[in-house]
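This report refers to the structure that appears directly beneath it.
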Amino acid sequence: MIVNDQQYRTIWPNEALGTNAKTVSVIDQTKLPHIFEVAQIDSLQQMISAIKTMQVRGAPLIGAAAAYGVALAMQQDAGDSHLQDAATKLIQSRPTAVNLRWAVQRMLKVLLPLTESSRIQAAWNEAAIICDEDVLLNQAIGEHGLSLIKPLYTKQSRTINILTHCNAGWLATVDYGTALAPVYAAHNAGIAVRVWVGETRPRNQGASLTAWELAQHGVPHTVISDNAGGHIMQQGEVDMVIVGADRVTGTGDVCNKIGTYLKALAAFDHAIPFYAAVPSPTIDWGITDGLKEIEIEERDAREVAWMSGRLANGEIAEVNILPAGTKVANPAFDVTPARLITGIITEHGVYAPHQLNTMQR
Ligand code: MRU
């Protein structure tokens, strides 16, 4: 990704000056869109905190962050019990996105057979490979998604309007994004696209993050309140919906940011194609019923009760929007049943949900 004319990924390792130890840098997503800041992470504990507080977020990125969390843990103590303990704590740091468990299990598979002395280097190497692979998977998703947008553009000869929810762009991955990878591929190919960005309460990942990264890349976009999605579909202003996912069942149920299900219902009612862009580490082949089998993360009531933003005087502040003592529920994800999904865009191609299990593994 290009930010202020400089090439970035969302996460990268650094050699710490004067020691053999490494640290990890991340773009701090709690500060965007108002402040672009890179945070340094020096320990397993700091990485767990960065995942829980959502300095890093988005399913593929928290997988990559967890892999680097294991590397930081090995640097502290490469013994078996510390490795197992780090793995358990990382997996528990956020329950819904399966990429986190996938990445930690992959690290365990590589590290457990090794001697303690060789684990540190192997852990840094494997985490870097996971990141490089994420970039390649997302590029492939971009190309397959482009093959859906291109014919529509040729047929319509006008701007193609794509609605997305939450942030499934560069910021949610190591680079390129999943749902936004086809958008970037189309924009780069000279196809006129415009993105409707749902604000995505309560944390506003659409308004704060998706709008920011689309602007960095020069892609035309318009932010709408979450409640406006159905209306603009009714008005014929949406050609397709593309969202990301935190976990997809082998049967094509899609778990993604809360509010995705409502968008899918509205799209279904208007026969608007609804796609989920999903790299293979997001598919949980072991489950078949998303509603029954996926744990939905319940987050702090504070996310609903308080909103953060920039005041007219430039200061960043939080304001409370609820009457004192109001009860709050804050489920962070929902499940869209396969019957509402037109296709799942993966690195191997686009699959109807019921054919996802024919995908190469
Ligand atoms: O709670 P978040 O911000 O981590 O949720 C992110 C999403 O729901 C994304 O849509 C999903 O992880 C796909 S990211 C490529």
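Below is a table of values for the structure above.
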{"quantity": "Carbon + sulfur, % of accessible area of region 2-133 - ligands and nucleic acids excluded, 1.4 Å", "calculated": "51 percent"}
{"quantity": "Gain upon complete extension [H270, M307; 0.36 nm per residue less C-alpha separation]", "calculated": "10.1 nm"}
{"quantity": "For region 183-231, projected area of the alpha-carbon convex hull averaged over all directions, nm²", "calculated": "3.4 nm²"}
{"quantity": "Vicinal HN-Hα couplings computed from phi for region 321-331 (Karplus, 6.51 cos²θ - 1.76 cosθ + 1.60; Hz; Gly/Pro x)", "calculated": "10, 10, x, 3, x, 5, 6, 9, 10, 9, x"}
{"quantity": "A324-A21 pseudo-label distance in nm [points 7 Å out on the Cα-to-Cβ vector]", "calculated": "4.5 nm"}
{"quantity": "Distant-in-sequence amide H partners of V3 (H built 1.01 Å from N, under 5 Å)", "calculated": "Y8"}
{"quantity": "Stokes-Einstein diffusion coefficient of region 2-133, Kirkwood radius over Cα pairs, 20 °C, 1.002 mPa s, in µm²/s", "calculated": "146 µm²/s"}
{"quantity": "Cα gyration tensor shape of region 214-361, rounded if a/c is under 1.5, else prolate or oblate by comparing a/b with b/c", "calculated": "prolate"}
{"quantity": "nm² value of the averaged projected area, convex hull over the Cα atoms of region 163-299", "calculated": "8.3 nm²"}
{"quantity": "Probe 1.4 Å, all protein chains present, accessible-area order of Y153, Y68, Y351, largest first", "calculated": "Y153, Y351, Y68"}
{"quantity": "Cα centroid separation - region 39-55 against region 257-324, whole Å", "calculated": "22 Å"}
{"quantity": "Degrees separating the helix 260-269 axis from the principal Cα axis of the chain, which is the longest one", "calculated": "30 degrees"}
{"quantity": "Solvent-accessible area per residue for the chain (1.4 angstrom probe, square angstrom)", "calculated": "42 Å²"}
{"quantity": "In degrees, nearest ten, helix 98-111 long axis to first principal axis of the chain (Cα)", "calculated": "30 degrees"}
{"quantity": "Euclidean distance of C-alpha centroids, region 325-361 and region 168-215, integer Å", "calculated": "18 Å"}
{"quantity": "Alpha-carbon gyration tensor eigenvalues x 5, square-rooted, for the chain, Å", "calculated": "32, 24, 21"}
{"quantity": "Cα-based equivalent ellipsoid, region 231-270: semi-axes from gyration tensor eigenvalues, Å", "calculated": "22, 10, 9"}
{"quantity": "10 Å binning of all Cα-Cα separations within region 247-316, expressed as whole percents from 0 upward", "calculated": "16, 33, 27, 17, 6, 0"}
{"quantity": "Calculated P(r) of region 63-115 - Cα pairs past 18 Å, %", "calculated": "19 percent"}
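The values are calculated or read from the model by the stated rules, or taken from the named source; none is laboratory data. Note that the coordinates shown come from a computational prediction; the quantities given were computed from them, not determined experimentally. Cβ sites come from the backbone with ideal geometry, for glycine too, and all protein chains shown count toward neighbours. Heavy atoms of the whole protein, side chains included, go into the accessibility calculation; ligands, DNA and RNA do not. Shrake-Rupley method; radii C 1.70, N 1.55, O 1.52, S 1.80 Å.
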